Amino acid sequence: MKIEDLLKIKLKKDLLSELETKYNYNNLKLDKIEFLKLCSEKIDSKIKDISFLTNEKKCKYTEEQRCCARIWDSHYGTRCRYKRNKTDYCNHHNNMIKRTGKLYFNRYDEDKPIFNEKGNRFPWLVDSNIEILNNIILKQELKLKKLINKNRQIAPKI
């Protein structure tokens, strides 16, 4: 089972528990089973499109309006979220080019630089923390299934 599925199950369980404690069934003229069934259906319809594995932060500008520089963004190297000026870059990145003659992390549509000016390797991350956790859970699930199948013995005939 994927971590996203586990998180949705946990979310639904917590929401149902919270709703059960907050609402009075007598005022709604529903019995407990009907109320929880109704809530469960509503929660299912709302959480089906939730994605926990997105790392992309929201930007209020369109692709055409955004600065074309890559930013550090906690080791992920994503596109700058500021509005570009008359050039391809925002004020900050225009000033960086004027000061140093280059962008520290290149443009977003170019390869990520591997080394910095001192020759040290950039520690870029490819997956988000939740994706890394998801991969760990999936590997453990596979190991568990192998152990179960390996240790399963056929019962002798009587």
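The table for this structure:
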{"read-out": "Ascending count of other beta-carbon atoms within 10 Å, so fewest first, for I3, I114, I136", "value": "I114, I136, I3"}
{"read-out": "Selection from S17, N120, L38 lying farthest towards where the dipole of the chain points positive, charges on Cβ", "value": "N120"}
{"read-out": "Cut-off under 5 Å, modelled amide H: who pairs with R66 long-range", "value": "R84"}
{"read-out": "At q = 0.10, 0.20 Å⁻¹, base-10 log of I(q)/I(0) for the chain (Debye sum, equal scatterers on each alpha carbon)", "value": "-0.69, -1.20"}
{"read-out": "Over segment 59-127, volume per residue of the alpha carbon convex hull, in Å³", "value": "95 Å³"}
{"read-out": "Cysteines not pairable in the chain (beta carbon separation under 4.7 Å absent)", "value": "C39, C59, C68"}
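Quick note: the coordinates plus some simple rules give every number you see, no bench work behind them. Just so it is clear, the model here is predicted, and its values are computed rather than measured. Cβ atoms come from the backbone with ideal geometry, glycine included; neighbour counts cover every protein chain shown.
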